[in-house]
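Undergrad: One structure, as structure tokens, below. Some questions next.
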Amino acid sequence: MSEKVFAESLDPSYQHGYGVLMSKVIAEHALSELGLGGAVEEMRILVDIRKPLFAVRVRLGPPLPPVRVRDCARVQEAPDGIHVVLLDEGQAPFLARLLRERFGKGGVEQLDRWEVVVPPGAVGAKELEEMVVSHPRERMMERIMDAVERVIPVGFRVGYAERGEDHLLLIASENPIKEGWVEEVREALRRPPSPVPPEKMEGIRRKVEAAEVQAKFKEGAMPWRL
């Protein structure tokens, strides 16, 4: 599998410093723990301990198609209405929200945990099957934000956030983001990433015990949301 996580220092004298290498280890653990390997094409981490500055840019993989009713439930017409039988429990809250918004809180009859009935004439079966239940990209972004939050050092506040269709860029610091920092990060990101030599990573991984990484995960960073 090709390398996805790159950690670099904006200060050449600290290119393979402990903090830089640790951020790569934590990021790799976070992506693995949250099952984001297929959703993230690349994560780049830029560190400057002099400012201090910590930037994370995530490039997302191709978007998945929306989940429709036909993808997660069986739709059957009957004399008493249209029966919707849930097949994917993971989509249950999203399907329930769709039906509630479309037909009202009391607009459908729930027979049991898995099956509801839409009243006759409320909607056609084919139309119901094509309704969008959820967007995987939106749900995936919540997990990506979780991963990035784990990587940002404790005590750093996000002072700049940018979100596009296929990327996310966050810049954090213990201090306010100064003029020129954003452009400095952008300029660094225009250059190809510089992989950490394998021998450097082997050394840091030997020093990092699982308990230390897990403690970092639990501790988390300062709370933030876009």
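Undergrad: Residues that are touching a residue at least 24 places away in the same chain (Cβ under 8 Å) and closer than 30 Å to Pro62 by Cα: which strands (runs of 3 or more DSSP E) entirely in region 88-192 hold 1 or more of them? Spell out the reasoning first.
TA: Details: elements: 115-118, 132-134, 157-163, 167-173.
Here the list reads 132-134, 157-163, 167-173.
Undergrad: Would you pick out the residues in region 68-85 that are under 15 Å from Gly124 (Cβ atoms) and of a type in the set (D, E, K, R)? Quick ask: steps written out before the conclusion?
TA: Pass one, region 68-85, residues under 15 Å from Gly124 (Cβ atoms): 68-70, 75-78, 81-84.
Arg68, Arg70, Glu77, listed by residue number.
Undergrad: Please identify the pairs in which a residue from region 16-35 that is over 21 Å from Glu142 (Cβ atoms) has its Cβ atom under 8 Å from the Cβ atom of a residue that is outside any helix (DSSP H, G or I) and among the acidic types (Asp, Glu), counting only partners at least 6 apart or on another chain.
TA: Val20/Glu8
Undergrad: Here's something else I'd like to know. Being at pLDDT 85 or above, in a loop (DSSP other than H, G, I, E, B) and in contact with a Leu (Cβ under 9 Å, 6 or more places away or on another chain) is the filter here; which residues of region 9-38 pass it?
TA: Leu10
Undergrad: Continuing with this model, one more query. Report whether or not Arg74 is at pLDDT 90 or above, assigned to a strand (DSSP E or B) and closer than 30 Å to Leu99 by Cα. Break it down into steps so the answer makes sense when it comes.
TA: Values: at pLDDT 90 or above: yes; assigned to a strand (DSSP E or B): yes; closer than 30 Å to Leu99 by Cα: yes.
Yes; evaluated as a whole, the condition is true for this residue.
Undergrad: Report whether or not Ala172 is over 21 Å from the mean Cα position of the chain (by Cα) and small (Gly, Ala, Ser). Walk me through it before giving the result.
TA: On the way: over 21 Å from the mean Cα position of the chain (by Cα): no; small (Gly, Ala, Ser): yes.
Taking the combined requirement at face value, the residue does not satisfy it.
The values are calculated or read from the model by the stated rules, or taken from the named source; none is laboratory data. Remember, predicted model here, so these are calculated numbers, not experimental data. Glycine gets a Cβ as well: all are built from the backbone with ideal geometry, and neighbour counts include every protein chain shown.
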